[in-house]
1. Got a number for residues in the range 48-62 being closer than 22 Å to Ile411 by Cα and among the polar types (S, T, N, Q)?
2. Look through the range 80-134, keep the residues that are charged (D, E, K, R) and farther than 17 Å from Val166 by Cβ, and return whichever of them is surrounded by the most Cβ atoms within 10 Å (Cβ to Cβ).
3. Give just the number: which of (1) at pLDDT below 95; (2) in contact with a Gly (Cβ under 7 Å, 6 or more places away or on another chain); (3) of a type in the set (Gly, Ala, Ser) does Ala147 not satisfy?
4. Could you tell me which numbered condition Ser322 fails, if it satisfies all but one of (1) more than 19 Å from Gln286 (Cα to Cα); (2) surrounded by fewer than 23 Cβ atoms within 10 Å (Cβ to Cβ)?
5. Among the residues of the range 274-283, what is the count of those that are surrounded by fewer than 23 Cβ atoms within 10 Å (Cβ to Cβ) and assigned to a strand (DSSP E or B)?
6. Pick out the one residue from Gly400, Gly390 that is out of contact with any strand residue (DSSP E or B) (no Cβ under 7 Å at 6 or more places or on another chain) and without any contact (Cβ under 8 Å) to a residue 40 or more places away in the chain.
7. Here is a list of conditions, (1) outside any loop (DSSP other than H, G, I, E, B); (2) closer than 22 Å to Ala415 by Cα, and Ser96 meets all of them except one; can you say which number that is?
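The values are calculated or read from the model by the stated rules, or taken from the named source; none is laboratory data. Keep in mind that what you see is a predicted model, and the values were worked out from it rather than measured. Reconstructed Cβ throughout: ideal geometry from the backbone, glycine too, with neighbour counts over all protein chains shown.
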Amino acid sequence: MKTHSLLALPIGILLAASSAYTRPSAATDWPQWGGAARNFHIEGVDLADSWPEEGPSRLWKQPLGDGYAGVAVVGDLLFTMYRADDHEHTVALKKSSGESIWTHHYPAPFLPKTDLKPGPGPHATPLIVDGKVFAAGVTGKLHALEAESGTVVWSKDLVNDFGGTVLYRGYSASPVAFGDSVIVTVGGDAQGVVAFRQSDGSVKWKSGDFQVSHSSPILIRFANEDQLVVYASELIVGLNPETGATIWTHEQPTRGGYIASMPVWEAADSRIYFSCAYDGGSRCLQLANKDGKTEVSELWFTRRMRVHHSNVIRVGDHVYGSSGDFGPNIFTAISVSSGEIEWQDRRFGRSGCIYVDYKLIALDEEGTLSLAKVSPQGLEILSRVRLFEGRAWTPPTLVGKTLFIRNRTDIMAYALP
């Protein structure tokens, strides 16, 4: 395995002044995987329609260990995870400079039956809520940490203590918050999903007789009811996030080890789009309310759009994202109404994307950052620049006009014009 440099941090937890952490602000924070709304859309930011030829100005760069965890930002701090020296690390850095504030680490020997050569993890993005950081490692270790200091509040071992699903590529799903709980996928009899109380880690509820996947759950609001949507192994399910009660299920034949992309919900038409690679393909479900109960029907299925582990963006009636697995990855537009492919463009390969100011910011796996416009008619590239060498499988994070990017070795901040 290639050796990567570490952040210049003392071993253990480094305490910092409490003023380094401020309360969340919905307009300026990115507190979880996918941003505030968990859909990679950002509101209220105006961007230029082009960049200088050399690309956006880089503000700072810091070395990290290995991993593909996303970057969460709350107040003056950003949080991510990495692996070094057979330990997994959760780290807090200053948003403005990349200066280290604290790190928490623990031994993380790889689990049996896993193959992490393509990327040893961590894969999940930390969740920041009410002054706590909830971080899930690739070996199923879940920690609640104080955001100001990194002090451990509580921890759980989802594999050894709960008998959770051990996937080929390790644990990957990013946690989500609802009310006083933090919800994670676990897997197993009557515990496909577990809700832990944020305060002390006690179990609030367990639910679901299913094995899980790499996909992160989402929260939706339908017919005045909150629902937790979980894309699990061989099914997708809607649960009551307060109690864990099953609201609906829909079978799909693909096994969880092949599923890594997150479902996409649109309240305007009450449709859920979800996809995976290999033989999985894409499906779209229609939710309907009948006599006060949620009914689910499948609108369409196609194997022409197969999302591997990158994210997709829904804009209007279309979903845009990279399609493909071991072969070519082609950026694709698909209609949510019909399942028809509108276009495919080979100029974008496997890319992580965010959508802001009617524009797409895409980082491909080889380190090229692009600014583009997408529509049912095609892809218009406005600016493009190669930022670095090295694999990049993590979608960017945008807070204000500062773009945070990481690959397997480094984390960087750029100022967007």
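1. Final tally of qualifying residues: 2.
2. Ranking the candidates gives Arg83 first.
3. With (1) at pLDDT below 95; (2) in contact with a Gly (Cβ under 7 Å, 6 or more places away or on another chain); (3) of a type in the set (Gly, Ala, Ser) applied to Ala147, the lone miss is (1).
4. For Ser322, the failing item is (2).
5. Of the residues in the range 274-283, 2 are surrounded by fewer than 23 Cβ atoms within 10 Å (Cβ to Cβ) and assigned to a strand (DSSP E or B).
6. Only one candidate passes the filter, namely Gly390.
7. Here Ser96 clears every test but (1).
Listed here are the residues, each with its yes/no results for (1) assigned to a loop (DSSP other than H, G, I, E, B); (2) at pLDDT 95 or above; (3) out of contact with any strand residue (DSSP E or B) (no Cβ under 9 Å at 6 or more places or on another chain); (4) not charged (D, E, K, R).
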{"position": "His4", "(1), (2), (3), (4)": "yes, no, no, yes"}
{"position": "Ile11", "(1), (2), (3), (4)": "yes, no, no, yes"}
{"position": "Pro24", "(1), (2), (3), (4)": "yes, no, no, yes"}
{"position": "Thr28", "(1), (2), (3), (4)": "yes, no, no, yes"}
{"position": "Asn39", "(1), (2), (3), (4)": "yes, yes, no, yes"}
{"position": "Leu59", "(1), (2), (3), (4)": "no, yes, no, yes"}
